[in-house]
Structure formats: structure tokens, C-alpha cells
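Data block below; observations after.
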Amino acid sequence: MAISTADFKNGICIEYNRKLWTIQEFQHVKPGKGGAFVRTKLRDIRSGRVVEYTFNSGTKFDSVRMEEKKMQYLYTDGADFYFMDPNNYEQMNIPADVIGDTANWLKESDEVTLQYAGDELISVTPQMFVELEVAETDPGFKGDTVQGGTKPATLETGAVVNIPMYINVGEKVQIDTRDGRFVKRV
């Protein structure tokens, strides 16, 4: 399906120069002299790179159907990650290189969102906040307070985050998966 610059909305996926792009921002500009144009910021779906492009008003593009699917993470065998559709119990595997750093936030039976552009898987997104157990960290000492600073900790999934000094091994913490930041003790 073809769309024109008049149909632009943030989040729409288009095909341009044989690449898939999502529209981050756009602005219609009507100068006093000359034809109208559209300034855009587009994010390359595969690389994540953000680029600015300017198009003449009325330029047509191929639209790409975006689809999200909720899945449950089951387990990993090192090379692949296995997921299950909770509606029909169908299982699928995704190679570890596609999962990338998202693996730091995946715990068995957690729900994730798979995003597809057409029939191609483009991202695996964990829940915004996950609760993970501290597997390894230096011990906290009497007198360590909330304002006392942070220390590195290895979580049960292998992710390393900075946590407050008063948290010890075996305690559960809530982590923001968008930036890997400690939120609170659970």
C-alpha cells in the first residue's frame, strides 16, 4: 500500500531506498516561495540509526505493515531462545544474535513483545520493569545508607547493574529495562 507525505504519522513504517524506516518526527513546511516540503527524522529499523531526510510534499512511499505479538519466554539453549504463544501454545525459536542485549532482561516465563515489519522479526522487547534476584555483589556494611552510593551487582540473568550499597545477595530488585537502571528493592 502506498502512502504520501500527507499521511505521515509518528511510528509509521515506510520503505525508502530499499530499507525499512520508522518515522520518529516530521514537520510539514510551506515556505513563502517555492513548493511545500516535509522534514523528517527516520530511524533505520535494522541498525537503529536516526537520519534526517527532506521530501517534496506529495512524495509517495510503500507502507510496511507493523505487527506486535505477545509471547512467553521459555528457555535458552545457548544458541537459540525459545518462546511460546500463550493463545495457541505454538513454540518458536529465535537465534541469540537477534535477541542481543535483550537477553539481560529475560527470565523464564516472562512476557515479551515481538515486533514484526511485514514477515520479518525486527525486535524483541521485554517488559518495561523486571524483578530479578541479585546473584553476586560485595556485601553491604552497617552504616551504608540510601545516599551512600552504589556498587556493581550481577543479577540472575547475568546482567551487571549498579545498585545501592545496602542491597545484598539473594534480594530481589526492580530494574528498568530501557536503560538498565535500578528502580527499587522488591
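Restricting LYS30, LYS69, LYS60 to residues that are open to solvent by 50 Å² or more (accessible area, probe 1.4 Å), at pLDDT 90 or above and under 17 Å from the mean Cα position of the chain (by Cα) narrows the list to LYS69. Just checking, does the range 90-105 include any residue being farther than 30 Å from LYS19 by Cβ and touching a Phe, Trp or Tyr at 6+ places or on another chain (Cβ under 8 Å)? Yes, the range 90-105 contains at least one residue that is farther than 30 Å from LYS19 by Cβ and touching a Phe, Trp or Tyr at 6+ places or on another chain (Cβ under 8 Å). Looking only at residues of the range 108-139 that are among the small types (Gly, Ala, Ser) and in a strand (DSSP E or B), we find that the one that is least open to solvent (accessible area, probe 1.4 Å) is ALA117. Could you tell me whether any residue of the range 75-98 is surrounded by 13 or more Cβ atoms within 10 Å (Cβ to Cβ) and closer than 19 Å to LYS9 by Cα? No: the range 75-98 contains no residue that is surrounded by 13 or more Cβ atoms within 10 Å (Cβ to Cβ) and closer than 19 Å to LYS9 by Cα.
When you look at GLY170, is it part of a loop (DSSP other than H, G, I, E, B), touching a residue at least 12 places away in the same chain (Cβ under 8 Å), loosely packed, with under 13 Cβ neighbours inside 10 Å and under 20 Å from the mean Cα position of the chain (by Cα), yes or no? Criteria not met by GLY170. As for the range 127-143, it holds no residue that is touching a helix residue (DSSP H, G or I) at 6+ places or on another chain (Cβ under 7 Å) and over 30 Å from VAL169 (Cβ atoms). Restricting attention to the range 48-69, which residues are touching a Ser or Thr at 6+ places or on another chain (Cβ under 6 Å) and farther than 19 Å from GLY118 by Cβ? Scanning the range 48-69 gives TYR53, PHE55, SER57, GLY58, THR59. Residues that are basic (Lys, Arg) number at least 1 in the following strands (runs of 3 or more DSSP E) confined to the range 1-107: 19-29, 37-44, 60-63, 66-76. Only one of the numbered conditions (1) of a type outside the set (S, T, N, Q); (2) open to solvent by 80 Å² or more (accessible area, probe 1.4 Å); (3) at negative phi is violated by ARG18, and that is (3).
Beta carbons closer than 6 Å, at least 6 apart along the sequence or on distinct chains, pair a first residue in the range 58-72 that is among the β-branched types (Val, Ile, Thr) with a second that is surrounded by 14 or more Cβ atoms within 10 Å (Cβ to Cβ) for THR59/THR5; VAL64/CYS13; VAL64/GLU15; VAL64/LEU20; VAL64/ALA117.
The values are calculated or read from the model by the stated rules, or taken from the named source; none is laboratory data. A quick note: this is a predicted structure, and the numbers were derived from the prediction, not measured. As a convention, Cβ positions derive from the backbone with ideal geometry for all residues, glycine included, and neighbour counts pool all protein chains shown. The protein model used for the area step is the full one, side chains on, heavy atoms only, and it has no ligands, DNA or RNA in it. Shrake-Rupley method; radii C 1.70, N 1.55, O 1.52, S 1.80 Å.
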